[in-house]
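The values are calculated or read from the model by the stated rules, or taken from the named source; none is laboratory data. Computed from a prediction, not measured in an experiment: that's the story for all the values here. Every residue, glycine among them, receives a Cβ derived from its backbone with ideal geometry; neighbour counts consider all protein chains shown. Side chains are part of the model used for accessible areas, which takes the heavy atoms of the whole protein and leaves out ligands, DNA and RNA. Shrake-Rupley method; radii C 1.70, N 1.55, O 1.52, S 1.80 Å.
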Amino acid sequence: MPPADLLALASAPDTTPQKAEQIYHEILSRPTPPNLTPEAHAQVLRDQEAALLRLGTLYRDQQNAEGLAQTITLSRGFFMSSTAKAKTAKLIRTLLGHFSAIPDSTETQIRVLQDNITWAKTEKRIFLKHSLETRLASIHLDRHQYRPALAIIEGLLTELKRLDDKLILTEVHLLESKVYRGVNNITKAKAALTSARTSAASIYTPPPLQSALDIQSGILHAEEKDYKTAYSYFFEAFESQAQAAAFAPAVKSRDGEGADGAVPVSSGEQIDAEGKGALEALKYMLLCKVMLNLPEDVHSLLSIKLALKYAQLRDVESMRAIARAHQDRNLADFEKALRDYKDELSSDPTIRSHLAALYDTLLEQNLLRIVEPYSVVELEYVSECVGQGRQAVEAKLSQMILDKVFHGVLDQGRGCLLVFDDTEADTTYATAIETLQQVGKVVESLYGKTVKIS
């Protein structure tokens with residue numbers, strides 16, 4: 001039976017996955033007939049490529065990471081002599097992309113990547129090696145393994161600067177910035193981002209990569225509490241990603257054919273038809289509005305045309321709940337939102353860290369509102385009003401006293417907080433010192449004139 005008929009048989013609805021797997025292996029194991037015309041030989045290669053890609057898709061759908069790893073190794077040796085280097089690299093990258101749909105396959109993916117990096121180095125396939133190393137560094141970043149990620153990035157940067165490959169250099173510098181931000185080295189993160197933007201300025205930057213640069217810029221500005229500038233970067237990224245998602249073609253059923261083979265590094269090079277990048281940028285925009293003490297702007301922001309598509313998603317609902325709690329200065333509602341939307345709010349380290357700071361500010365405002373009318377107030381009463389444990393309230397009040405948010409003393413023996421009125425600073429001493437300094441200047445001036453006369 002011809003390979004084309006076998007492929008049609010494997011794709012038939014009544015064909016079991018086991019039977020389809022056997023058919024794909026049969027197509028791949030057939031030797032190429034001799035004395036073929038160039039057109040016939042090219043058709044055989046296309047059929048074998050389709051069988052290989054569909055086999056990888058089958059293993060992906062079956063959640064078979066080991067089978068997918070073997071398919072990648074098979075593709076590497078199968079097409080090495082009969083297919084151009086670019087096509088072989090494309091096949092390997094396409095099959096590697098299937099790991100993202102298989103849960104708990106990270107270890108297998110790392111092992112396959114390391115194996116293919118070694119193979120690419122042996123075969124002197126430099127550009128494939130760089131793509132695979134970029135993907136490996138991205139996986140280490142996702143797993144918070146910053147040291148191995150930095151080691152890979154340093155080697156990549158040395159080679160890429162020598163080759164002057166601006167596009168991959170931009171991606172690697174962006175990855176470097178994310179790693180340094182992960183270890184809280186904001187200075188080096190900003191320097192790496194500046195290098196990424198410098199490299200991107202001299203080439204055409206794909207919109208997804210440009211959006212990733214904008215999001216990283218916004219994150220770093222937010223780390224420095226410059227939420228207004230951060231919002232502008234997030235808005236640029238959201239507008240670009242939302243428009244790309246709106247005009248992207250519908251996602252086809254993934255049958256393994258026609259995959260573009262792009263390496264989806266953390267910035268994402270493929271078209272984001274599902275709008276995940278736009279949703280991330282929109283969440284950051286809402287976060288900036290809350291952190292700027294403008295929670296009332298959240299509703300108007302979600303009413304713009306591009307945001308309507310995402311307004312009812314849980315990720316956006318979580319930020320809307322946070323904004324309502326912040327607007328009402330209600331600590332209980334804030335905690336409830338954190339509990340109800342734990343996955344949406346805790347999975348992103350950027351949102352998690354800023355909400356922790358916002359919670360601390362909200363707790364401080366609630367404590368001030370409670371203690372300001374009193375000169376003496378029991379700690380038990382304060383802890384009941386804010387719904388926190390007494391020990392946590394004592395720790396926060398002592399911190400506020402040390403930071404001179406208000407004047408007071410904690411009387412632990414009586415279990416009370418003594419609140420003092422704000423005293424106006426006595427400026428008599430400072431005024432007297434300033435007067436004496438001016439008198440000194442007058443005396444010196446008179447003495448200088450006396451010397452000139454004499």
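Indicate the gyration tensor shape class of the range 1-114 (rounded, prolate or oblate), computed on the Cα atoms with a ≥ b ≥ c the square roots of the eigenvalues: a/c under 1.5 is rounded; otherwise a/b larger than b/c is prolate and the rest oblate.
oblate
Using only Cα atoms and rounding to the nearest 10 degrees, what angle (0 to 90) does helix 146-163 make with the longest principal axis of the chain?
Compared with the principal axis, the helix lies near 70 degrees.
Listed here are the pairs 166/305; 124/166; 129/190; 166/289; 87/166; which of them are more than 25 Å apart at the Cα?
166/305; 129/190; 166/289
Expressed as an acute angle from 0 to 90° and rounded to the nearest 10, what is the orientation of the C-alpha long axis of helix 126-142 relative to the principal long axis of the chain?
Approximately 50 degrees, to the nearest ten.
For the chain, with only Lys/Arg (+1) and Asp/Glu (-1) charged at the beta-carbon, what is the dipole magnitude about the Cα centre, in debye rounded to 20?
Working: 51 positive and 60 negative charges, 320 e Å.
In debye, rounded to 20, the chain gives about 1540.
Of 235, 325, 427, whose Cα points farthest to the positive end of the dipole of the chain (charges on the beta-carbon: +1 Lys, Arg; -1 Asp, Glu; origin at the Cα centre)?
Selected residue: 235.
Please sort by residue number the trypsin sites (Lys or Arg not before Pro) in the range 97-140 whose DSSP state is loop and whose Cβ has at most 11 other Cβ atoms within 10 Å.
Those that pass, being in a loop and sparsely packed, are 124.
With the other protein chains left in place, how much accessible area per residue, in square angstrom, belongs to the range 340-454 at a 1.4 angstrom probe?
Using a 1.4 Å probe on heavy atoms only, each residue of the range 340-454 averages 68 Å².
In debye to the nearest 20, how big a dipole does the range 105-148 give about its Cα centre with +1 on each Lys and Arg Cβ and -1 on each Asp and Glu Cβ?
In debye, rounded to 20, the range 105-148 gives about 140.
By the gyration tensor of its Cα atoms, with a ≥ b ≥ c the square roots of the eigenvalues, what is the shape of the range 373-454: rounded for a/c under 1.5, prolate for a/b over b/c, or oblate?
It is prolate, given that a/c is not under 1.5 and a/b is the larger ratio.
Taking the Cα centre of the chain as the origin and placing charges on Cβ (Lys, Arg +1; Asp, Glu -1), which of 300, 311, 97 is farthest toward the positive end of the dipole?
Farthest along the dipole direction, towards plus: 97.
Rg to Rh ratio, the chain, alpha-carbon atoms and Kirkwood radius?
1.17
Can you send over the carbon and sulfur percentage of the accessible area for the chain, probe radius 1.4 Å, protein chains only?
That share works out to 54 percent.
Divide by every residue of the chain the summed helix terms, -39500 (n - 2.57) for each DSSP H run of at least 4, and state the resulting mean residue ellipticity at 222 nm, rounded to the nearest 500 deg cm²/dmol.
-22500 deg cm²/dmol
Answer with one residue from 131, 68, 48: the one whose Cα lies farthest towards the positive end of the charge dipole of the range 46-149, charges on Cβ with Lys, Arg +1 and Asp, Glu -1.
131
Just to confirm the number: angle between the C-alpha axis of helix 428-453 and the first principal axis of the chain, 0 to 90 degrees, nearest 10?
So the helix axis and the longest Cα principal axis differ by about 80 degrees.
Listed here are the pairs 188/283; 90/121; 178/309; 283/309; which of them are more than 18 Å apart at the Cα?
Beyond 18 Å: 188/283; 178/309.
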